[in-house]
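Everything on this sheet refers to the single structure shown next.
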Amino acid sequence: MVVNLRKEKSAIHLVVVSIILLLYILIMLTLVIVKLLILYLAFVFGKVI
């Protein structure tokens with residue numbers, strides 16, 4: 001019983017950690033994409049003006 005509980009807790013911990021990592025990666029990717037978009041827009045508008 002105790003061993004099973006420990007296994008379940010560690011599994012839940014792993015899931016939580018993986019979800020946090022995924023969210024962190026997604027946030028980083030969105031930041032990079034936004035920066036690239038801003039650079040691209042600045043470049044395009046700079047050419048137009």
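Values quoted throughout were computed directly from the atomic coordinates according to the rules given, and no laboratory measurement underlies them. Computed from a prediction, not measured in an experiment: that's the story for all the values here.
Ignoring lysines fewer than eight residues from Lys47 along the same chain, the ones with Cα atoms less than 23 angstrom from its Cα are Lys35. Nearest 10 degrees is fine. How inclined is helix 2-48 to the longest principal axis of the chain, computing both from alpha carbons? Approximately 0 degrees, to the nearest 10. Spread over its residues, the convex hull of the C-alpha atoms of the chain is 26 Å³ per residue.
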